[in-house]
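Please read the structure below before turning to the comments.
The values are calculated or read from the model by the stated rules, or taken from the named source; none is laboratory data. Since the model is a prediction, treat every value here as computed from it, not as a measurement. Backbone-built Cβ (ideal geometry, glycine too); neighbour counts: all protein chains shown. In case anyone asks, the SASA skips ligands and DNA or RNA and just uses the protein heavy atoms, side chains included. Shrake-Rupley method; radii C 1.70, N 1.55, O 1.52, S 1.80 Å.
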Amino acid sequence: GQKGSPRSINKYGFINDSSSSSSPVCTTLVRDREQKWFEMLKDWDNIMTNNYDKVRTRCRKGIPHSLRAAAWRALCGAANLQHKNQGLFEELLKKDSEWMVYIEKDLPRTYQLHELFEERGGLGQTEMKKVLKAYSVYNPKVGYCQGMTSIAGMLLMLMPAEQAFWCFVAIMDKYVPGYYSAGMLAMQLDGKVMESLIHQLNPKVSSFLQKNDVQATYYAVEWFLSAYTTILPYDTVLRIWDMFLCEGVNVLIKTGITNVR
């Protein structure tokens, strides 16, 4: 912006962004939820095995932000992956990746209005480069695809690079396999599922979209590839991801249906 122009940073690190909620929160409720999540995380494997419904209900209510990083890592299995593969992240970074030119080109375009990523070559961009490079070496069949920067950045806003990398691995390989492969067939299939559900739930909207030759694949590509990180207010995206990492890709489809309706 211009020199001397006013600049404010919200509680999540976004610059001059008023889209996130600033409504007052009940401190007692927050502390109560934190306590419940803290206890649940201490006995995670047992609760996920024997009381998944409780986990899902609490994810739908929203994970306390102070414990969100720990909860996301537990939900997607990244904490276990990292534990089983100690030292692998650093090893991957030592290897060459054929995707570096493309990764480096996309870094400055991602979250330009977030304090972590705004500086070219700064900490955020450097950490994002590590996550994306490591994954392109870890899974050479998929390598790198443009939409991955927003997923990596979302994770890096909450956790350090190595933790973010293992969450990224879990999301790519377990939650949205095939989304970033050549042809993006898995994502197109989910787009068709969403289109069919829109037709069932809201025939008027479906008819309007068909008349104007608007196919789900047109608008769903950015929604699904970014898991809504580039589309909706950050507050909302956090809540979607709380459910997405608990319940899977169906949450992305349901969110899309809600957007269209």
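Does Val131 count as β-branched (Val, Ile, Thr), in a helix (DSSP H, G or I), open to solvent by less than 80 Å² (accessible area, probe 1.4 Å) and over 18 Å from Ser150 (Cα atoms)?
no
Of all residues in region 222-233, how many are in a helix (DSSP H, G or I), surrounded by 20 or more Cβ atoms within 10 Å (Cβ to Cβ) and in contact (Cβ under 8 Å) with a residue 40 or more places away in the chain?
Within region 222-233, residues that are in a helix (DSSP H, G or I), surrounded by 20 or more Cβ atoms within 10 Å (Cβ to Cβ) and in contact (Cβ under 8 Å) with a residue 40 or more places away in the chain number 2.
Mind checking which residues of region 56-95 are under 21 Å from Phe38 (Cα atoms) and free of Cβ contacts under 8 Å to residues at least 12 places away in the same chain?
Answer for region 56-95, where residues must be under 21 Å from Phe38 (Cα atoms) and free of Cβ contacts under 8 Å to residues at least 12 places away in the same chain: Thr57, Asn80, His83.
Restricting the search to region 134-144, which residues are touching a helix residue (DSSP H, G or I) at 6+ places or on another chain (Cβ under 8 Å) and open to solvent by 50 Å² or more (accessible area, probe 1.4 Å)?
The one that is touching a helix residue (DSSP H, G or I) at 6+ places or on another chain (Cβ under 8 Å) and open to solvent by 50 Å² or more (accessible area, probe 1.4 Å): Tyr138.
Just to check your reading of the model, which residue among Gly62, Gly122, Gly77 is over 18 Å from the mean Cα position of the chain (by Cα) and among the small types (Gly, Ala, Ser)?
One residue alone meets the criteria, Gly122.
Quick check on region 86-112: of everything there that is surrounded by 15 or more Cβ atoms within 10 Å (Cβ to Cβ) and of a type in the set (S, T, N, Q), which residue is nearest to Ile240 (Cα to Cα)?
Taking the candidates together, the pick is Thr110.
Sort out which residues of region 145-177 are touching a helix residue (DSSP H, G or I) at 6+ places or on another chain (Cβ under 7 Å), at pLDDT 95 or above and open to solvent by 30 Å² or more (accessible area, probe 1.4 Å), and write them in order of number.
Leu158, Glu162, Gln163
Give region 156-183 a look and list any residue that's polar (S, T, N, Q) and assigned to a helix (DSSP H, G or I), or say none.
If the condition is that a residue be polar (S, T, N, Q) and assigned to a helix (DSSP H, G or I), then Gln163 is the only one that fits.
Inspect region 123-139 for any residue being at pLDDT below 95 and touching a strand residue (DSSP E or B) at 6+ places or on another chain (Cβ under 6 Å) and give the result as yes or no.
Scanning region 123-139, I find no residue that is at pLDDT below 95 and touching a strand residue (DSSP E or B) at 6+ places or on another chain (Cβ under 6 Å), so the answer is no.
Does any residue of region 40-55 turn out to be open to solvent by 40 Å² or more (accessible area, probe 1.4 Å), closer than 30 Å to Gly143 by Cα and either touching a strand residue (DSSP E or B) at 6+ places or on another chain (Cβ under 8 Å) or in a helix (DSSP H, G or I) (or both)?
no
Name, by its number, the condition in (1) in contact (Cβ under 8 Å) with a residue 24 or more places away in the chain; (2) outside any helix (DSSP H, G or I); (3) open to solvent by less than 70 Å² (accessible area, probe 1.4 Å) that does not hold for Glu118.
(3)
Quick one: would you say Leu245 is modelled with pLDDT under 90, touching a Phe, Trp or Tyr at 6+ places or on another chain (Cβ under 6 Å) and surrounded by 16 or more Cβ atoms within 10 Å (Cβ to Cβ)?
no
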